Amino acid sequence: MTMATTLSPPTGGTRAGRRTPGTRASGAPARSLKHLLAPRSVAVTGALQQHGLAGYEVLRALRDYGFRGRLYPVHESGRPVCGIPGHRTIAELPAATDLIVVAAGGGQATDAVREAGRCGIAGAVVLGVADTQENRELEQVARDYRISLVGPGSFGVFNTDPRVRLDATLSRARPPRGGLALACQSSAVGVALLEHVTRNGCGVASFVSVGDGRDLGDAGSIAYWYHDAHTRAVALFPDTPGDPQRLAAAVEPLSQRKPVLVVGGTGPDSIIAGSMEADSGIIHTSSLDEVTDAARMLVSQPLPAGNRLGIVGNAGALTAVAANTALAHGFVMPSGVGADVDIEAGAAEIAAAVDTVAGTGQVDMVLALVVGTRANCPAAIMTALAHTLDRRPGLTAAVVLAGSPDDIHRVGIRDIPVYRQQDRAIRALAHTHRYAIWRRSSAHDNLRRLRAGRP
């Protein structure tokens, strides 16, 4: 897959002179979102007095996750919170601050964002939910001071980059580091989403809960993901239909560089449907399982050159079922290329069979289907497969492991995804193949336009 350019070290705003309404913030949209996802310092204001209050829990999450920058609790008494020295007002903060997390609703949130703007803070996350009029006022204040605003109604933001280590959320779950960027609207979806990706081992680069009704196709977020070297795929979880044409147009440039997945229905009111999905390259999915299964494949595996699939398994009947499923998804299995080995076969024998199929030059993808029993060692088989497949980095690969208590999500240096069911693995391969077709078609169309001298 095409990788993004290297992400420069996090940069922050400036306190050299207070910003006034109408003063333009420095930097392009891609830089503006860095204040939210890669801040050098974070202030938290609002409900900070005790355990269980939103502000206190966010501040504790930031501290416990090991945020690399400075933390500033801001509340009326100015007393320390979570062992961190406190401040009475935003204006009293001792140094430049990039991001403020506001754990207060209504007019208090608006006042906090306004004061943050006066002090040159470039990004704000508002956790509290306000009514429609208060939301409009809050958004207007953010526009006046050129503040990158997330919320109101946000569940927070999260970044696994070891140079940042930002957990400004209320989530109990912390997903492992990986290449998938996530964006959702509602807090409820944010809770479920972070728990889901943590449980199934889907590595995350960053997470943004934009708030109810907010735009997932914001230019700043698209530009950030486009340039962020840690983001290799993006998944969007809209709660409301919004404007599908606008969303498709916003993400198409990103899709030409990195996969973009959207979770939504399939009816006439779906988020992205029909020709818009095809034209923009968006990968349409219908559930959390489907989007994370596809993302695990897309962030780690090369795009396949074609639709030829080789299946190797140690359970003949299950391999036959997988073959029928693959045919239904449009894959071709070259005659005589697949292989079945005995269910009691050892790790070396199974790995050798996979290597033989992979080395024929007649497959674009390989699926290793392993059933664990008391007569074999699934962990040893996974290790052997990892060594074999790592020697072929240009081959799209997936593994299915059934009948084993081992909780294995990926194998090998290149993080080959491991699934529990063959149907889910084949569906993920199908999404990867369709995206590869679109990428090649998009690249061809772009080249043709360039040659014709058209934009």
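No lab work stands behind these numbers, since they all come straight from the coordinates. Remember, predicted model here, so these are calculated numbers, not experimental data. Note: ideal-geometry Cβ built from the backbone for every residue, glycine included; neighbour counts use all protein chains shown.
Let me have the 222 nm mean residue ellipticity of the chain computed from DSSP H runs of 4+ only, each contributing -39500 (n - 2.57), with the sum over all residues rounded to the nearest 500.
-11500 deg cm²/dmol
Taking Cα Rg over 2.2 N^0.38 Å straight from the coordinates, which label in [x] 1.07; [y] 1.23; [z] 0.98 is the correct one?
Of the labelled values, this structure produces [x].
Which one, G179, I84, V312, projects farthest toward the positive side of the charge dipole computed for the chain from Cβ point charges (K/R +1, D/E -1)?
I84
What per residue convex hull volume, in Å³, comes out for the stretch 313-455 when only alpha-carbon positions are used?
Convex hull volume per residue, Cα atoms: 126 Å³.
Evaluate the charge dipole of the chain about its Cα centre and quote only its size in Debye, nearest 20, assuming +1 on the Cβ of each Lys and Arg and -1 on the Cβ of each Asp and Glu.
That gives a dipole near 1660 debye.
Can you check what the net charge comes to around R414, using other residues whose Cβ is under 14 Å from the Cβ of R414 (Lys, Arg +1; Asp, Glu -1)?
Every neighbour counted, the sum reads +3.
Quick one: which residues, 5+ away or cross-chain, put their amide H under 5 Å from the amide H of R70? H built at 1.01 Å from N.
The list, which skips near neighbours in sequence, is S41, V42.
Is the shape of the stretch 165-259 rounded, prolate or oblate, going by the alpha carbon gyration tensor and its root eigenvalues a ≥ b ≥ c, with a/c under 1.5 for rounded and a/b larger than b/c for prolate?
oblate
From the C-alpha coordinates alone, can you work out the Kirkwood hydrodynamic radius of the stretch 369-445, in Å?
13.7 Å
Let me make sure I get this right: for the stretch 71-184, a, b and c are the square roots of the gyration tensor eigenvalues over alpha carbons, sorted descending. Under 1.5 in a/c it's rounded, otherwise prolate if a/b > b/c, else oblate. Which is it?
Cα axes put the stretch 71-184 in the oblate bin.
Sorting check: for 195-206, 76-87, 143-154, 406-417, which peptide has the highest mean count of neighbouring beta carbons within 10 Å, and how do the rest follow?
The most tightly packed comes first, giving 143-154, 195-206, 406-417, 76-87.
Where the convex hull is taken over the Cα atoms of the stretch 31-105, what is its projected area averaged over directions, in nm²?
Result: 5.0 nm².
Ordered by residue, what ³J(HN,Hα) values in Hz, to whole numbers, does the stretch 331-343 give under the Karplus form 6.51 cos²θ - 1.76 cosθ + 1.60, where θ = phi - 60° and Gly and Pro are x?
So the J values, rounded to whole Hz, are 7, 10, 10, x, 4, x, 8, x, 8, 10, 10, 5, 5.
Which residue, chosen from V150, I121, T132, occupies the Cα position most advanced towards the positive end of the dipole of the stretch 103-152, where the dipole is computed from +1 (Lys, Arg) and -1 (Asp, Glu) charges on Cβ about the Cα centre?
The Cα lying farthest towards the positive end belongs to I121.
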